[in-house]
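The values are calculated or read from the model by the stated rules, or taken from the named source; none is laboratory data. Everything numeric in this text was worked out from a predicted model, so none of it was measured. All Cβ positions, glycine included, derive from the backbone under ideal geometry; neighbour counts span all protein chains shown. What goes into the accessible areas is simple: the full protein's heavy atoms, side chains included, and nothing from ligands, DNA or RNA. Shrake-Rupley method; radii C 1.70, N 1.55, O 1.52, S 1.80 Å.
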Amino acid sequence: MVGKAALLIGEITHARREWQECGAILKLKEYPDGSREEFVSKCRNGDFDDVTVIYRSNDSNKITGNFNKELVDALPDSLKFICHNGAGYDNIDIEACTRRGISVSSTPVAVNDATADIAIFLMLGALRRITSSFQSVRQGNWRGSNFQLGHDPKNKVFGILGMGGIGSAVATRARAFGMKIQYHNRHQLPSNEEGGAEYVSFKELLETSDVLSLNLSLNPSTKHIISKPQFDMMKEGVVVINTARGPLIDEAALVEAMKSGKVWSVGVDVYEEEPKIHLGLLENENVVLLPHIGTATFETQRDMELLVLENLKDAVQYGRLKTQVLEQKYRKNEDDRWLRNH
Amino acid sequence: MTKPKVLLLGVIDHAHESWNSLSSLAELIEPASRSRAGFLDECRSGKLDGVVAAYRTFASVNITGLFDEELVKVLPESLRFICHNGAGYDQVDVQACTDRGIRVSNVPTAVDDATADVNMFLILGALRGFNTSMIALRDGKWRGHPPPPLGHDPEGKTLGILGMGGIGRNLKKKAEAFGMKVIYYNRNKLSDELAGGAEYVSFEKLLSSSDVISFNLPLNKTTRHLISTREFEKMKKGVVIVNTARGAIIDEDALVKALDNGHVWSCGLDVYEEEPKVHPGLVANPHVMLVPHMGTWTVETQTAMEDWNIGNIRAVLEKGKLNNIVPEQADM
């Protein structure tokens, strides 16, 4: 493996030792901080000409910006693999990578439990409109003047949009609270993977869910999948949970739907233009807001870093990735179904 | 024959129809006084004679004060039943009632889900350390500078449940959905069926081997300050404490000290020793999760609780006995 290098963009915090151990099979280079311009010019100057695999840390976007076509095209010819730390990879142009012969991996599964945990926390908090209570206790006002009766999750209909790994983990938890689970995916899951959840159309999901949880990935076709027409179809008093990606929801339409009373409460970890938050949410005491910390635990952060390194090692040792992104592993046929690529 | 009287202490918020339908069986009255002294006078003066049963709420303590020995002793002779709208009935001196032949009921079961829901919410909030992030976000600082410390996943952690009654068992099922392993301590070991696979351990073992400890036991003379300095010292370093039962079970000052020295990593509380007063050491700690005693505060559960309590009043009027009685009076 003489001459082959791995480039770490950003930080590794919990698996430094395991990263150092990769030094046995690769030269290790690091780009812990800097700017997009500096990064691109280093690429063009040949600084990374021996790099075959990139470890793209979760926070590297603020260093290099999006891995869009412009940046991907500037990457060295030697680069064959991008191992991304994150379940969501909407900030990477996968098609541009595929065209350059670059394979990309993400970190599914490792994120499932922590993200599902936060979704349930947000649901329980939203059902209790808990924020004003948090604030009044801290201000020494006990229950304050906005103390309201909440709602029990028991016997309510919990609708999941996107029944992937995270959606299934959310379903398992919601079921334990006595909720009836229904979901919509572009295609129904095999019955042994549904866990008793009922498959419904997108329309029915919107029209009949008491709590709606977004657990689908963001891509050009799912941006604003929830907007005014969708809010209009929802039940009066619905509770909306989003731990996936902010741009799935038209945030301004969400604020309007709350004003009209259509949406009773909201629990979100992600925002359309994060870290900027629509004032209509930020100033609303009836909603629960978290700053995109779905996987912010010691255990899950370490698991994610280790998974990226496993992808990195598999890439170098076997020429393939452990958790390659779906869009590269499969292609769509005429019926919009995934078929494995060879 | 005149109808018996039923005394309402506190407010009915939801089950108005149900309450009013009792008027065919009894005269429904309320005390004229809004203070303890006034209430005691009303009792002594005979104004409440003929009252057979009292429906009391948790909040009515603001009018009558605690149903302690002093008060129970002056209740009218006719009063044979106290129906308390709540699972915890520590406001009522049951021994004093037993001494006067007064039977007491509470509201079990209807409270289980809502209380366990808030309990699980606090476990997640404390383990994940969400409070600092929520405060930073609302302050316009996104995650804050420096960003908040990472939290912990519940998966694989040991949850020690102190008190495996209805609420404790309800919590167990929810916690297991998050991958937690449940051990418990109860005055008596549960049957295998009821325990559902949870391991029964001694009180000491629960303290020393739990990653998260949840309090789900009643407050009484033996459980007041059950947890104090010595007990915190026996716990794992970094333990998370969650209390939705009664504040006085925990020595709040000792808890604050244990938080400050890092022995307790975080806590989630719905109840406090002297609520509505909250220890300033808790309020000042951004790493803990605090809510104001609202475990059962939902439309559905409050309605179900009122229905149950009214049901006990109705049972007394129709059958002369309660549908359920507090455990201390099981032999009455």
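Identify all lysines with a Cα-Cα distance to residue A:42 below 25 Å; exclude those on the same chain that are fewer than 8 residues away in sequence.
A:4, A:27, A:29, A:62, A:69, A:80, A:313
Once you have a ≥ b ≥ c as the square roots of the Cα gyration tensor eigenvalues for the range B:77-195, tell me rounded if a/c is under 1.5, and otherwise prolate or oblate according to whether a/b is larger than b/c.
Judged from the Cα gyration tensor, the range B:77-195 comes out oblate (a/c at least 1.5, b/c at or above a/b).
Cα centroid distance between the range B:177-228 and the range B:93-133, in Å?
15
For helix B:166-177, report the angle its Cα long axis makes with the longest principal axis of the Cα atoms of chain B; keep it between 0 and 90° and round to the nearest 10°.
With both axes taken from Cα atoms, the answer is about 30 degrees.
In whole Hz, what ³J(HN,Hα) sequence does the range B:241-251 give by Karplus (6.51, -1.76, 1.60; θ = phi - 60°), x for Gly and Pro?
10, 10, 10, 10, 8, 9, x, 5, 5, 10, 6
From the C-alpha gyration tensor of the range B:188-299, pull out the three semi-axes of the equivalent ellipsoid (sqrt of 5λ each), sorted largest to smallest, in whole Å.
Over the Cα atoms of the range B:188-299, the semi-axes work out to 23, 18, 13 Å.
Considering only the protein assembly as shown, what is the antiparallel percent among its DSSP beta bridges, to the nearest 5?
Bridges in the protein assembly as shown that DSSP calls antiparallel: roughly 5 percent.
Residues of the protein assembly as shown: accessible area per residue at 1.4 Å, in Å²?
I get 42 Å² per residue for this part.
Give me the Kirkwood hydrodynamic radius of the protein assembly as shown, using the inverse of the mean 1/r over all pairs of distinct Cα atoms, in Å to one decimal.
This gives a value of 27.6 Å.
Chains B and A: what accessible area do they bury, summed, in square angstrom to the nearest 100, with a 1.4 Å probe?
Buried: approximately 4700 Å² between A and B.
Each residue of the range B:152-157 in turn: what ³J(HN,Hα) in whole Hz from Karplus with 6.51, -1.76, 1.60 and θ = phi - 60°, glycine and Pro shown as x?
In residue order, the calculated couplings are 10, 7, x, 4, x, 7 Hz.
Share of the range B:1-98's accessible area from carbon and sulfur, percent, 1.4 Å?
Exposed carbon and sulfur together represent 53 percent of the surface.
Less than 14 Å Cβ to Cβ from residue B:36, Lys/Arg counted +1 and Asp/Glu -1: what total charge do the surrounding residues give?
-1
Kindly give the semi-axes, whole Å and largest first, of the ellipsoid equivalent to the range B:112-290, taking each as the square root of 5 times a Cα gyration tensor eigenvalue.
26, 18, 15
Helix-derived [θ] at 222 nm for the protein assembly as shown: sum -39500 (n - 2.57) over DSSP H runs of at least 4, divide by residue count, nearest 500?
Counting only the DSSP helices, I get -10000 deg cm²/dmol.
How long is the range A:112-289 along each principal axis, judged by its Cα atoms, biggest number first, in Å?
Ordered largest first, the range A:112-289 gives principal extents of 52, 33, 29 Å.
On the full set of protein chains, 1.4 Å probe, figure out the accessible area of residue A:47 and give it in Å² to the nearest 10.
70
Summarise the long-distance tail of P(r) for chain B by giving the % of C-alpha pairs beyond 32 Å.
The answer is 36 percent, as a whole percent.
Among DSSP beta bridges lying fully in the range A:112-289, give the percent that are antiparallel, nearest 5.
5
Compute the acute angle (0 to 90°) between the alpha-carbon long axis of helix B:299-319 and the principal axis of greatest extent of the alpha-carbon atoms of chain B; round to the nearest 10°.
Taking Cα atoms only, the helix is inclined about 30 degrees.
Averaged over its residues, how many other protein chain Cβ atoms are within 10 Å of peptide B:168-175's Cβ atoms?
Mean inter-chain Cβ contacts per residue within 10 Å come to 1.
Taking a 31 Å limit on the Cα-Cα distance, which of the listed pairs B:189/B:234; B:73/B:277; A:154/A:228; A:262/B:277 fall beyond it?
A:262/B:277
Which of the residues in the range B:121-147 show a loss of at least 20 Å² in accessible area from their chain by itself to the complete set of protein chains, at a probe of 1.4 Å?
Checking the loss per residue gives B:121, B:124, B:128, B:130, B:131, B:133, B:134, B:137, B:138, B:142, B:143.
Just report the Cα centroid separation between the range A:279-328 and the range A:68-125, whole Å.
Value for the Cα centre distance between the two parts: 8 Å.
Could you tell me, in Å, what Rg and Dmax come out for the Cα atoms of chain A?
Computed over the Cα atoms of chain A, radius of gyration and Dmax are 21.7, 69 Å.
By per-residue mean of other Cβ atoms within 10 Å, what is the highest-first order of B:169-176, A:315-322?
Ranking, from highest mean packing down: B:169-176, A:315-322.
When the accessible area of each residue in the range A:163-190 is compared between its chain alone and the complete protein assembly (1.4 Å probe; ligands, DNA and RNA ignored), which residues differ by at least 10 Å², being lower in the assembly?
Residues shielded by partner chains are A:172, A:173, A:176, A:177.
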